[in-house]
Amino acid sequence: MAPPADLRDWIALLEREGELVRVQAEVDARLEITEIVDRTVKAGGPALLFEHVAGARHPLLINQFGTERRMCMAFGVERLDDVAERLSGVLELQPPQGLADKVRGLRTLKSIADSRAKQVRGGPCQEVVLTGDDVDLDLLPIQHCWPGDPAPFITLPAVLTHDPRTGGRNVGMYRMQKIDRRTTFMHWQIHKDGRADWLATDGRIEVAVALGLDPITAYAASAPLPKHLDELMLAGFLRGAPVGVVKGKTVDVEVPADAEIVLEGYVETDELGEEGPFGDHTGFYTPPEPFPVFHVTAMTMRRDAIYPSIVVGKPPQEDAWLGKATERIFLPAVRMTVPEIVDYDLPVAGAFHNCAIVSIRKAFPGHARKVMHAIWGLGMLSLTKAVVVVDEHVDVHDYAQVLFYVGANVDPKRDVVITEGPLDQLDHAPTLQFVGGKIGVDATAKGPAEGARPWPEEIRMSDEIRELVDRRWSEYGLDSVLRASDGSVRHSSSPLRHLLRR
């Protein structure tokens, strides 16, 4: 199944698959929509298209990514690991050994080359053009999400900037607090590439904000790519077709031609204001801080444009599946740097950056510590607060199983690493912002070289008896017991296990 071409195609697919509800009742973008969505997300409910938002001219789409099934539908795959396997083929390109390898390599390289954004003459995103005094953010149903938020926030933007030194494009997802009809704040955090582009600019940086994209391009804006990689090229590769772009009307920035809404404008290097607080994905309000101001010089849009939004807050929220997509898709990239890693899990309840559970093929004493420090030096994973390392046979997505090995295999005096390093800007726990303590837990089996006594054998039933019981299970009158696909009894696990089905 091909991924959706644009937001309209995506909405049509969701509706055909019974994954979208159109809400006809008039609702308020101030708090009411958040409460509706919070209940819907936590119940595993559908995407919602609010067609009548009080005071706004445009409908609001939300919870489009809120389940595993919808996230897979967005990518046109059966499971998120299928996306990772496709990306793995690119990352694992090796010098060709024969003709077949050369042909496969050339096809892959052509696929990458064909993924670059493609300039087109015009696009639906510019069917309506508002400039000057006609610019009015009040036309949009921008959500005021939580009671402690000081204003409405745009929460699902794709913010496009260019590095003034190299011309390289960056597409990032940064919240935008509405100040008035024509200005917002731009929440460029200290570790983000958008902020790096802004700091490298002398005077003024031109910015475009695309709202209402096909789901893969919207996802790509949230992906933690290295600065030299173009998010639109990643989107084109995962879509199997390049993202069409058009030049902005008032800025020299190319924008996705099929976007629903585009905000064009600029940010000055020396203009800051107090942004926040904001009810964030950490489950807490992040406090007010100085951030740059974005001035809107044009609003372009489709006729009858649809505004996209997302609610973040105490997990699980809709962003859980954006995060899980990143976890699965970037596993091959993590393995390229740390090949001994078998799998990893970034728990939704840990807001993704608070904890990482990693399974490894342990090969030498201290191997788990080597992997901990590798994680703490790897891209945005460097912000991880806690790393738990287990042996390769442990299912990192089964939190009860992980906790069993933490309890069974860990001597806190020997197996716990306390260090310090960079932390997420939104983390309120450290004494100093941006930097604080980190903890590593080695829950692998230990050998004599690591100071352990002879390690005991784990209890396990023989394969012969397991197979016998599998064959005879129906004879026991226990058919009501939940069974795994391989015929064995499925044991209960973490309350979040339903979020992590493979």
Note the full-extension length gain between residue 22 and residue 52 as 0.36 nm times their separation in residues minus their Cα-Cα distance, in nm to one decimal.
9.8 nm
Solvent-accessible area per residue for segment 397-469 at a 1.4 Å probe radius, Å²?
64 Å²
For segment 21-74, dividing by residue count, accessible area per residue (probe 1.4 Å) in Å² works out to 42 Å²
Please list, ordered by chain and number, the residues whose modelled amide H lies under 5 Å from the amide H of residue 179; skip anything fewer than 5 residues away on the same chain.
184, 185
Just the number, please: percent antiparallel of the DSSP beta bridges in the chain, rounded to the nearest 5.
75 percent
Can you give the charge dipole size of the chain about its Cα centre, rounded to the nearest 20 debye, using +1 on the beta carbon of Lys and Arg and -1 on the beta carbon of Asp and Glu?
1080 debye
Report, by chain and number, residues whose modeled amide H sits under 5 Å from the one on residue 21, excluding near sequence neighbours (fewer than 5 apart, same chain).
47, 48, 49
Can you give me the Cα centroid spacing of segment 183-221 and segment 243-319 in angstrom?
8 Å
Each label point is 7 Å from the Cα along the Cα-to-Cβ direction; what then is the distance between the points at residue 460 and residue 270, in nm?
6.8 nm
Furthest towards positive pole of dipole, 412, 212, 59, structure part the chain, Cβ charges
412
The answer for residue 241, listing residues at least 5 apart or on another chain whose modeled amide H is closer than 5 Å to its amide H, is none
Sort the chain into rounded, prolate or oblate with this rule: let a ≥ b ≥ c be the square roots of the eigenvalues of the Cα gyration tensor; rounded if a/c is under 1.5, and if a/c is not under 1.5, prolate when a/b is larger than b/c, oblate otherwise.
prolate
Note, ³J(HN,Hα) from phi for segment 438-453, Karplus 6.51, -1.76, 1.60, rounded to Hz, x at Gly and Pro
9, 10, x, 10, 8, 9, 7, 5, 10, x, x, 5, 9, x, 9, 5
Carbon/sulfur fraction of accessible area - the chain, other protein chains in place, 1.4 Å, %
54 percent
Before rounding to the nearest 500, sum -39500 (n - 2.57) across all DSSP H runs of length at least 4 in the chain and divide by the residue total; then give [θ] at 222 nm in deg cm²/dmol.
-7500 deg cm²/dmol
Given R₀ = 35 Å, FRET efficiency for residue 69-residue 120 by Cβ-Cβ distance, to 0.05?
0.65
Quote the relative contact order of the chain in percent (integer), defining contacts as alpha-carbon pairs under 8 Å separated by 6+ residues.
14 percent
Any idea how far apart residue 433 and residue 227 come out in nm if each label point goes 7 Å out from Cα toward Cβ?
2.1 nm
Take every Cα pair under 8 Å in segment 262-325 that's 6+ residues apart, average their separations, divide by the length, and report that relative contact order as a whole percent.
35 percent
Using a Förster distance of 35 angstrom, determine the FRET efficiency expected from the C-beta separation of residue 403 and residue 32, and round it to 0.05.
0.35
Cα-Cα over 25 Å, subset of 192/438; 118/324; 192/370:
118/324; 192/370
Which length gain, in nm to one decimal place, applies between residue 133 and residue 382 when the Cα-Cα distance is subtracted from 0.36 nm times their residue separation?
85.2 nm
Residue 452 to residue 314: FRET efficiency via 1/(1 + (r/R0)^6), r the Cβ-Cβ distance, R0 51 Å, to the nearest 0.05?
0.80
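The values are calculated or read from the model by the stated rules, or taken from the named source; none is laboratory data. The structure displayed is predicted, hence computed values, not measured ones. Don't worry about glycine lacking a Cβ; one is built from the backbone with ideal geometry, like all the others, and counts go over all protein chains shown. Each accessible area value is taken on the protein alone, full model and side chains, heavy atoms only, with ligands, DNA and RNA left out. Shrake-Rupley method; radii C 1.70, N 1.55, O 1.52, S 1.80 Å.
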